[in-house]
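The values are calculated or read from the model by the stated rules, or taken from the named source; none is laboratory data. If you're wondering where the values come from, they're calculated on a predicted model, not measured in any experiment. Because the Cβ atoms are built from the backbone with ideal geometry, glycine has one as well, and the counts that use them run over all protein chains shown. For the accessible areas, the whole protein counts, side chains as well, though only heavy atoms, and no ligand, DNA or RNA atoms are used. Shrake-Rupley method; radii C 1.70, N 1.55, O 1.52, S 1.80 Å.
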Amino acid sequence: MPDRITRVSHRSLTAAFVCILLAATMSAGRGEPLPPKVAPEATTWKPASIFKENEKGETFKDQPRMNLSGAACVPTKPKFTSCLIANDQQKYAQFFSIEDKMLVPRDVVLLSDEDKDPDAEGVAYDDGFFYVTGSHGRSRHSDKKNLSSYAVFRIAVDSRTGAPKTKPNAGNVDGVESSSRLRKVLKNDDDVEAYFNEPLAEGGVNIEGIAVRNGRMYFGLRGPSVKRRAYVLSVNADALFTKHGDLKPDTASLELGKNTGIRDLAVVKDGILILAGPTRDEDVPYTVWLWDGSSETAAKPLATLDLSKVKEGAKAETLLPLEEDATSIRVLVMFDSVENGGARSFKIKR
């Protein structure tokens, strides 16, 4: 009897060891274990009407509310009275405010008068300016170059009230500066040059996030993802909108996981939040990381977003900080391919 018990115990221990080994192998396949899963708050965000119409009642065609792709707000008092949201299939952005858990549309501003849209993928605010970045890459569904996407725009606003310094215009490009200088940085950077102007399906360069902090402008790349690492390029923010100013470019490669790219960036008090997700359609979870902006510092994993109740096929592409303290950060997440962005809020521990 003791021998039988010993044999059973050995079999049990062996089985347990195999399970642990398999789990470790699976974790190794995707790198470090995923950060803790965080469910959305019970807060119900009311359906927005962004890009349905502006405050003048003018309406917009082609269902642009399905393609929201980045937002930022001026730190006004009260909060969220002046925000800007972009659309990756239109040539304009829209001001909005947040009132009683709802995105309230304001004026529309035309970003570009090019024939094609700039594929606007991210929005940032800093020191009296909203910034909107084009993808700087080829269309997902086309092998043709989209030269209109190689642009970064800025819109001057009052740093106290957030009011645009030039009346927004949906029909003409008024009060919007543009720069194409980042294209040279992308083309000449050693880490990403091989993927410059390549199709997204082949890991081509595609910017999805933008943030501005301490005078530096950061661009998060959805692609390429190489050896489990995603890329953030940064330049001198003011120099980008000059002809010959020193951009002082820098590149950081951050280990976020296999087939994982950057979907958005957002500034918080102690660094930059990174919304990470699949580079294309891979089975990769959406996660949130905190990075201090230094090319030599690894990003800290904070949370894996529980999106089990979000519409299938939705892509988390907007990360908007709502409030923060020493222990946590509340963020609003919005989605591409969902009517009005399908806003969900999450409380994430630091």
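Name the single residue that is farthest from residue 237 (Cα to Cα) among those in the range 171-211 being of a type in the set (Asp, Glu) and either touching a Lys or Arg at 6+ places or on another chain (Cβ under 6 Å) or not in a helix (DSSP H, G or I) (or both). Quick ask: steps written out before the conclusion?
Taking the range 171-211 and keeping what is of a type in the set (Asp, Glu), we get 174, 177, 189-191, 193, 198, 202, 208.
From what is left, the residues that are either touching a Lys or Arg at 6+ places or on another chain (Cβ under 6 Å) or not in a helix (DSSP H, G or I) (or both) are 174, 177, 189-191, 198, 208.
Values: 174: 21, 177: 13, 189: 18, 190: 21, 191: 21, 198: 26, 208: 17 Å.
Out of the qualifying residues, it is 198.
For every residue, the table says whether it meets (1) of a type in the set (A, V, I, L, M, F, W, C); (2) within 18 Å of the chain's Cα centre (by Cα); (3) surrounded by 19 or more Cβ atoms within 10 Å (Cβ to Cβ); (4) under 16 Å from residue 168 (Cα atoms).
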position: 72; (1), (2), (3), (4): yes, yes, yes, no
position: 86; (1), (2), (3), (4): yes, yes, yes, yes
position: 89; (1), (2), (3), (4): no, yes, no, no
position: 99; (1), (2), (3), (4): no, no, no, no
position: 109; (1), (2), (3), (4): yes, no, yes, yes
position: 112; (1), (2), (3), (4): no, no, yes, yes
position: 118; (1), (2), (3), (4): no, yes, yes, no
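Are any of the residues in the range 321-329 of a type in the set (A, V, I, L, M), in contact with an Asp or Glu (Cβ under 7 Å, 6 or more places away or on another chain) and crowded, with 21+ Cβ neighbours inside 10 Å? Outline the logic, then answer.
From the range 321-329, those of a type in the set (A, V, I, L, M) are 322, 326, 329; that's our starting set.
If we keep only those that are in contact with an Asp or Glu (Cβ under 7 Å, 6 or more places away or on another chain) as well, we get none.
Among the residues of the range 321-329, not one is of a type in the set (A, V, I, L, M), in contact with an Asp or Glu (Cβ under 7 Å, 6 or more places away or on another chain) and crowded, with 21+ Cβ neighbours inside 10 Å, which makes the answer no.
Looking only at the range 295-320, filter to residues that are surrounded by 11 or more Cβ atoms within 10 Å (Cβ to Cβ) and of a type in the set (Ser, Thr, Tyr); which one of those is nearest to the chain's Cα centre (by Cα)?
First, the residues of the range 295-320 that are surrounded by 11 or more Cβ atoms within 10 Å (Cβ to Cβ): 295, 297-307, 310-311, 314-320.
Next, from what is left, pick out any that are of a type in the set (Ser, Thr, Tyr): 295, 297, 304, 318.
Details: 295: 19, 297: 20, 304: 15, 318: 5 Å.
If we take residues in the range 295-320 being surrounded by 11 or more Cβ atoms within 10 Å (Cβ to Cβ) and of a type in the set (Ser, Thr, Tyr), then 318 is nearest to the chain's Cα centre (by Cα).
Could you list, ordered by first residue, the pairs with Cβ atoms under 7 Å in which the first is in the range 180-194 and of a type in the set (Lys, Arg) and the second is assigned to a helix (DSSP H, G or I), at least 6 apart or interchain?
181/240; 187/193
Return the only residue of 302, 273, 307, 265 being over 17 Å from residue 208 (Cα atoms) and either in contact with a Pro (Cβ under 6 Å, 6 or more places away or on another chain) or assigned to a strand (DSSP E or B) (or both). Give the derivation first.
On the way: 273 fails: over 17 Å from residue 208 (Cα atoms); 307 fails: either in contact with a Pro (Cβ under 6 Å, 6 or more places away or on another chain) or assigned to a strand (DSSP E or B) (or both); 265 fails: over 17 Å from residue 208 (Cα atoms).
None of the other options fit; the residue is 302.
Within the range 202-240, take every residue that is farther than 12 Å from residue 293 by Cα and of a type in the set (D, E, K, R) and give me the one that is most open to solvent (accessible area, probe 1.4 Å).
227
Could you identify the single residue in 242, 287 that is farther than 19 Å from residue 70 by Cβ and among the β-branched types (Val, Ile, Thr)?
Numbers: 287 fails: farther than 19 Å from residue 70 by Cβ.
Checking each option against the conditions leaves just 242.
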